[in-house]
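Heads up: the structure comes next, in C-alpha coordinates.
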Amino acid sequence: GHHHGDEQQSTPEPIKTASQIVINRQGLVDFDDVQKIIHQRVEALSTTPAQESVLILAHGMGVESENDRLLTRMAVLTRPLKESGSFRAVQNETLREDWPDQRNLAEERIRDFVTRGSQNTGRVIVVPFRLFGFGDYAQVLEGLNYVADGKGLLPHPLITNWIRLQAEECFRRAGWENPF
(Lines give C-alpha, C1' and ligand atoms only; values in the text may rest on other atoms or scores of the structure.)
Protein backbone atom coordinates (compact mmCIF):
# COMPACT_ATOMS: atom_id res chain seq x y z
CA GLY A 1 0.00 0.00 0.00
CA HIS A 2 0.89 3.65 -0.16
CA HIS A 3 1.55 5.80 2.87
CA HIS A 4 -0.31 9.07 3.27
CA GLY A 5 0.70 10.75 6.45
CA ASP A 6 0.39 8.24 9.25
CA GLU A 7 -2.33 6.24 7.52
CA GLN A 8 -1.55 3.31 5.26
CA GLN A 9 -3.75 3.00 2.18
CA SER A 10 -4.67 -0.51 1.21
CA THR A 11 -4.65 -1.90 -2.30
CA PRO A 12 -8.00 -1.18 -3.96
CA GLU A 13 -10.34 -4.09 -4.29
CA PRO A 14 -10.71 -5.59 -7.77
CA ILE A 15 -13.73 -4.43 -9.70
CA LYS A 16 -16.45 -7.03 -9.61
CA THR A 17 -18.28 -7.57 -12.86
CA ALA A 18 -20.48 -10.15 -14.48
CA SER A 19 -18.93 -9.26 -17.84
CA GLN A 20 -16.66 -11.69 -19.58
CA ILE A 21 -13.40 -10.10 -20.71
CA VAL A 22 -11.56 -11.66 -23.63
CA ILE A 23 -8.19 -10.43 -24.79
CA ASN A 24 -6.53 -11.24 -28.08
CA ARG A 25 -2.82 -10.59 -27.93
CA GLN A 26 -2.09 -10.63 -31.68
CA GLY A 27 -1.04 -7.15 -32.60
CA LEU A 28 -1.22 -5.49 -35.96
CA VAL A 29 2.49 -6.11 -36.50
CA ASP A 30 1.70 -9.84 -36.55
CA PHE A 31 -1.00 -9.48 -39.21
CA ASP A 32 0.45 -10.86 -42.47
CA ASP A 33 -1.66 -8.57 -44.69
CA VAL A 34 0.35 -5.60 -43.41
CA GLN A 35 2.86 -6.76 -46.01
CA LYS A 36 0.32 -5.97 -48.76
CA ILE A 37 -0.37 -2.53 -47.31
CA ILE A 38 3.32 -1.64 -47.19
CA HIS A 39 3.81 -2.91 -50.74
CA GLN A 40 0.84 -0.85 -51.98
CA ARG A 41 2.10 2.30 -50.23
CA VAL A 42 5.54 1.87 -51.84
CA GLU A 43 4.08 1.04 -55.25
CA ALA A 44 1.87 4.16 -55.18
CA LEU A 45 4.91 6.39 -54.57
CA SER A 46 7.37 4.63 -56.86
CA THR A 47 8.13 5.97 -60.32
CA THR A 48 11.54 4.47 -61.19
CA PRO A 49 12.34 1.59 -58.79
CA ALA A 50 15.87 1.08 -60.09
CA GLN A 51 16.74 4.58 -58.84
CA GLU A 52 14.78 4.36 -55.58
CA SER A 53 15.54 3.27 -52.04
CA VAL A 54 12.76 2.42 -49.61
CA LEU A 55 12.72 3.27 -45.91
CA ILE A 56 10.07 1.66 -43.71
CA LEU A 57 10.06 3.63 -40.49
CA ALA A 58 8.45 2.61 -37.18
CA HIS A 59 8.13 4.18 -33.72
CA GLY A 60 10.22 1.50 -32.03
CA MET A 61 10.47 0.10 -28.54
CA GLY A 62 12.54 1.07 -25.51
CA VAL A 63 13.68 -2.44 -24.62
CA GLU A 64 16.27 -3.81 -27.05
CA SER A 65 14.76 -7.29 -27.26
CA GLU A 66 11.32 -5.84 -28.08
CA ASN A 67 12.78 -3.46 -30.64
CA ASP A 68 14.75 -6.33 -32.21
CA ARG A 69 11.53 -8.40 -32.40
CA LEU A 70 9.79 -5.51 -34.17
CA LEU A 71 12.67 -5.08 -36.65
CA THR A 72 12.72 -8.83 -37.30
CA ARG A 73 8.99 -8.83 -38.02
CA MET A 74 9.34 -5.77 -40.27
CA ALA A 75 12.08 -7.63 -42.17
CA VAL A 76 9.67 -10.51 -42.78
CA LEU A 77 6.98 -8.12 -43.99
CA THR A 78 9.33 -6.26 -46.35
CA ARG A 79 11.16 -9.34 -47.65
CA PRO A 80 9.20 -9.37 -50.95
CA LEU A 81 10.25 -5.76 -51.61
CA LYS A 82 13.90 -6.67 -51.03
CA GLU A 83 13.74 -9.92 -52.96
CA SER A 84 12.08 -8.28 -55.96
CA GLY A 85 15.42 -6.64 -56.73
CA SER A 86 13.52 -3.68 -58.14
CA PHE A 87 14.84 -1.12 -55.64
CA ARG A 88 18.35 0.07 -54.85
CA ALA A 89 17.82 -0.71 -51.18
CA VAL A 90 15.07 -1.48 -48.69
CA GLN A 91 15.74 -0.53 -45.06
CA ASN A 92 13.67 -1.01 -41.90
CA GLU A 93 14.32 1.38 -39.04
CA THR A 94 12.80 2.32 -35.72
CA LEU A 95 13.06 5.91 -34.53
CA ARG A 96 12.88 4.96 -30.83
CA GLU A 97 10.81 8.12 -30.40
CA ASP A 98 10.42 8.01 -26.61
CA TRP A 99 13.97 7.04 -25.65
CA PRO A 100 16.44 9.93 -26.22
CA ASP A 101 19.68 7.92 -26.19
CA GLN A 102 18.44 5.35 -28.68
CA ARG A 103 16.62 8.01 -30.69
CA ASN A 104 19.79 10.01 -31.36
CA LEU A 105 21.52 6.96 -32.81
CA ALA A 106 18.42 6.00 -34.81
CA GLU A 107 18.12 9.51 -36.26
CA GLU A 108 21.73 9.31 -37.44
CA ARG A 109 21.13 5.94 -39.18
CA ILE A 110 17.85 7.16 -40.72
CA ARG A 111 19.29 10.44 -41.99
CA ASP A 112 22.36 8.64 -43.34
CA PHE A 113 20.21 6.14 -45.26
CA VAL A 114 18.10 8.92 -46.81
CA THR A 115 21.18 11.00 -47.66
CA ARG A 116 22.95 8.06 -49.34
CA GLY A 117 19.76 7.00 -51.14
CA SER A 118 19.33 10.47 -52.60
CA GLN A 119 22.78 10.52 -54.18
CA ASN A 120 23.46 9.80 -57.87
CA THR A 121 19.95 10.66 -59.09
CA GLY A 122 18.50 8.51 -56.32
CA ARG A 123 15.11 8.93 -54.78
CA VAL A 124 14.04 7.72 -51.33
CA ILE A 125 10.51 6.57 -50.53
CA VAL A 126 9.58 6.75 -46.85
CA VAL A 127 6.62 4.71 -45.61
CA PRO A 128 5.63 4.97 -41.96
CA PHE A 129 5.03 1.68 -40.18
CA ARG A 130 2.50 3.17 -37.81
CA LEU A 131 -1.24 3.16 -37.54
CA PHE A 132 -1.90 6.69 -38.73
CA GLY A 133 -0.01 9.62 -40.16
CA PHE A 134 3.66 10.50 -40.40
CA GLY A 135 4.39 11.31 -36.75
CA ASP A 136 7.71 13.00 -36.00
CA TYR A 137 9.26 11.69 -39.20
CA ALA A 138 9.00 14.96 -41.15
CA GLN A 139 10.97 16.70 -38.41
CA VAL A 140 13.63 13.98 -38.38
CA LEU A 141 13.93 14.07 -42.19
CA GLU A 142 13.86 17.87 -42.45
CA GLY A 143 16.21 19.17 -45.13
CA LEU A 144 16.57 15.77 -46.79
CA ASN A 145 15.30 14.71 -50.21
CA TYR A 146 12.59 12.03 -49.95
CA VAL A 147 9.02 11.33 -51.01
CA ALA A 148 6.16 10.22 -48.75
CA ASP A 149 2.39 10.43 -48.74
CA GLY A 150 2.17 10.76 -44.95
CA LYS A 151 -0.15 7.77 -44.65
CA GLY A 152 0.34 5.11 -42.05
CA LEU A 153 -1.37 1.75 -42.25
CA LEU A 154 -4.71 3.54 -42.03
CA PRO A 155 -6.81 4.16 -43.91
CA HIS A 156 -6.88 0.75 -45.59
CA PRO A 157 -9.63 -1.88 -46.02
CA LEU A 158 -7.27 -4.65 -44.89
CA ILE A 159 -7.07 -3.03 -41.45
CA THR A 160 -10.86 -3.07 -41.28
CA ASN A 161 -10.65 -6.78 -42.10
CA TRP A 162 -8.06 -7.31 -39.35
CA ILE A 163 -10.31 -5.62 -36.79
CA ARG A 164 -13.18 -7.87 -37.86
CA LEU A 165 -11.00 -10.98 -37.57
CA GLN A 166 -9.85 -9.95 -34.09
CA ALA A 167 -13.44 -9.36 -32.98
CA GLU A 168 -14.60 -12.69 -34.42
CA GLU A 169 -11.82 -14.52 -32.57
CA CYS A 170 -12.70 -12.81 -29.29
CA PHE A 171 -16.39 -13.67 -29.75
CA ARG A 172 -15.49 -17.27 -30.56
CA ARG A 173 -13.27 -17.60 -27.49
CA ALA A 174 -16.01 -16.12 -25.32
CA GLY A 175 -18.45 -18.68 -26.67
CA TRP A 176 -20.68 -16.03 -28.19
CA GLU A 177 -22.43 -16.33 -31.48
CA ASN A 178 -20.62 -14.41 -34.18
CA PRO A 179 -22.58 -11.19 -34.81
CA PHE A 180 -20.96 -10.59 -38.21
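The values are calculated or read from the model by the stated rules, or taken from the named source; none is laboratory data. Since this is a predicted model, take the numbers as computed values, not measurements. For neighbour counting, all protein chains shown are included, and Cβ atoms are generated from backbone atoms with ideal geometry for every residue, glycine included. For the accessible areas, the whole protein counts, side chains as well, though only heavy atoms, and no ligand, DNA or RNA atoms are used. Shrake-Rupley method; radii C 1.70, N 1.55, O 1.52, S 1.80 Å.
Below is a table of values for the structure above.
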item: Lysines with Cα under 27 Å of LYS151, excluding same-chain neighbours fewer than 8 positions away; result: LYS36, LYS82
item: Accessible surface, per residue, of the chain when the full set of protein chains is kept, probe 1.4 Å, Å²; result: 62 Å²
item: Estimated D of the stretch 31-127 in µm² per second, where Rh is the Kirkwood radius over Cα pairs and Stokes-Einstein applies at 25 °C, 0.890 mPa s; result: 178 µm²/s
item: For the chain, the longest site-free run once GluC sites (Glu not before Pro) in DSSP loop states with at most 11 other Cβ atoms within 10 Å are removed; result: 1-141
item: Cut-off 16 Å, label 7 Å out along Cα→Cβ of ARG116, residues of the stretch 71-95 by amide N; result: 87-94
item: Size of the stretch 38-79 as Cα extents on the principal axes (Å, biggest first); result: 37, 16, 16
item: Per residue convex hull volume, Cα atoms of the chain, in Å³; result: 167 Å³
item: Measure of compaction for the stretch 74-180 (Cα Rg per 2.2 N^0.38 Å); result: 1.39
item: Signed unit charges on C-beta, dipole axis of the stretch 21-180, positive-most listed residue ILE125, ALA89, THR48; result: THR48
item: Share of carbon and sulfur in the accessible heavy-atom surface of the chain [1.4 Å probe, %]; result: 51 percent
item: Rg/Rg_globular for the stretch 132-180, with Rg_globular taken as 2.2 N^0.38 Å and Rg from C-alpha atoms; result: 1.85
item: The chain: antiparallel DSSP beta bridges as a percent of all, rounded to 5; result: 20 percent
item: Cα long-axis angle, helix 34-45 against the chain (0 to 90 degrees, to the nearest 10); result: 40 degrees
